[in-house]
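Below you'll find the structure, written out as C-alpha cells, and then a few comments.
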Amino acid sequence: LLVLPEAKGLFRRAALQSLPGTYFTAALAHDIATSITAELGREPRVDDLVDLPPDNLVEATRTITAQLPQRLDRWGPVAHTPTPFSPVMDVDPWAMLRAGAARGVQLLIGHTRDEFSQLAAKLEETDNATPIINALTPTPGADRYRAAYPSLSPTALRDTALSDWLMRMP
C-alpha cells in the first residue's frame with residue numbers, strides 16, 4: 001500500500017509484521033486462478049463462480065497446491081511454497097521502496113525467527129534442499145546456508161531458507 005501513488009501522503013508511520021516478500025503479477029495470478037478453476041470446469045470470473053459451494057473451490061485449490069512442485073518452470077519460486085496465493089501488484093513494490101516511494105514514512109518491520117514453520121508443516125521432508133534453495137532469489141545460495149547451519153537436516157535447512165526468502169530478507 002505504501003508504494004501506490006494513491007497512498008502518497010496518507011501515512012506517517014506504519015508497522016509491518018510478517019510482510020511476505022512474494023507478490024504476483026496479474027498474468028501469474030490469472031494463470032494460477034485459471035488452473036484452480038479449470039479443476040472445476042469453470043473460468044476465473046465472478047459470474048462463473050458465484051453459485052459454486054466454497055468447499056469445491058478449496059478442494060480445487062488443494063489439488064493445484066499438491067501440484068506446485070511440477071509447475072516450477074511455469075510459476076517459478078511459488079512452486080516451492082505451500083500456497084498459490086500472494087498479493088497481486090502491477091509494480092515491483094521492492095523496487096518502488098528502493099526508489100523512495102515511502103520516503104518520509106517511518107517503518108517498523110518485524111518477523112518471527114521461525115516465520116515459515118506453519119507453512120513448512122504442509123511440505124514433505126526432503127533429503128536434498130540444494131535445488132530448492134538455489135532456485136530462490138535473492139538468497140545467498142545453498143552452500144552458504146549449509147556453511148551457516150551445518151547441523152540442520154536438509155528439511156530444516158530448506159525451511160530456514162524459505163523463511164528468510166519469504167519473510168526476513170524482504
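Quick notes
- Checked against (1) open to solvent by 40 Å² or more (accessible area, probe 1.4 Å); (2) among the charged types (D, E, K, R); (3) in contact (Cβ under 8 Å) with a residue 40 or more places away in the chain, Asp159 passes all but a single condition, namely (1).
- Matching residues, the stretch 9-22, being in contact (Cβ under 8 Å) with a residue 12 or more places away in the chain, open to solvent by 70 Å² or more (accessible area, probe 1.4 Å) and not aliphatic (A, V, I, L, M): Phe11, Arg12, Arg13, Gln17
- Scanning the stretch 1-32 for residues that are within 13 Å of the chain's Cα centre (by Cα) and modelled with pLDDT under 80, we see that the one that is nearest to Thr65 (Cα to Cα) is Thr22.
- Taking the listed residues Arg98, Arg144, the one that is more than 22 Å from Thr65 (Cα to Cα), exposed (fewer than 13 other Cβ atoms within 10 Å of the Cβ) and at pLDDT 90 or above is Arg144, with no other qualifying.
- For Gly100: the one exception among (1) assigned to a loop (DSSP other than H, G, I, E, B); (2) farther than 27 Å from Pro5 by Cβ; (3) small (Gly, Ala, Ser): (2)
- Counted residues, the stretch 116-138 - those being under 13 Å from Leu166 (Cβ atoms), open to solvent by 30 Å² or more (accessible area, probe 1.4 Å) and not in a helix (DSSP H, G or I): 3
- Qualifying position, being modelled with pLDDT under 90, farther than 21 Å from Met167 by Cα and of a type outside the set (Phe, Trp, Tyr), among Gly104, Gly110, Gly76, Gly41: Gly104
- Qualifying helices (runs of 4 or more DSSP H) (wholly inside the stretch 24-96; at least 2 residues being touching a residue at least 40 places away in the same chain (Cβ under 8 Å)): 26-38, 72-75
- Meets criteria (touching a strand residue (DSSP E or B) at 6+ places or on another chain (Cβ under 6 Å) and charged (D, E, K, R)) for Arg103: no
The values are calculated or read from the model by the stated rules, or taken from the named source; none is laboratory data. Please read these numbers as outputs of a predicted model, since none were measured by experiment. Please note: Cβ atoms are built from the backbone with ideal geometry, for glycine as well, and neighbour counts cover all protein chains shown. When the accessible area is computed, the model is the full protein with side chains, heavy atoms only, and any ligands, DNA or RNA have been set aside. Shrake-Rupley method; radii C 1.70, N 1.55, O 1.52, S 1.80 Å.
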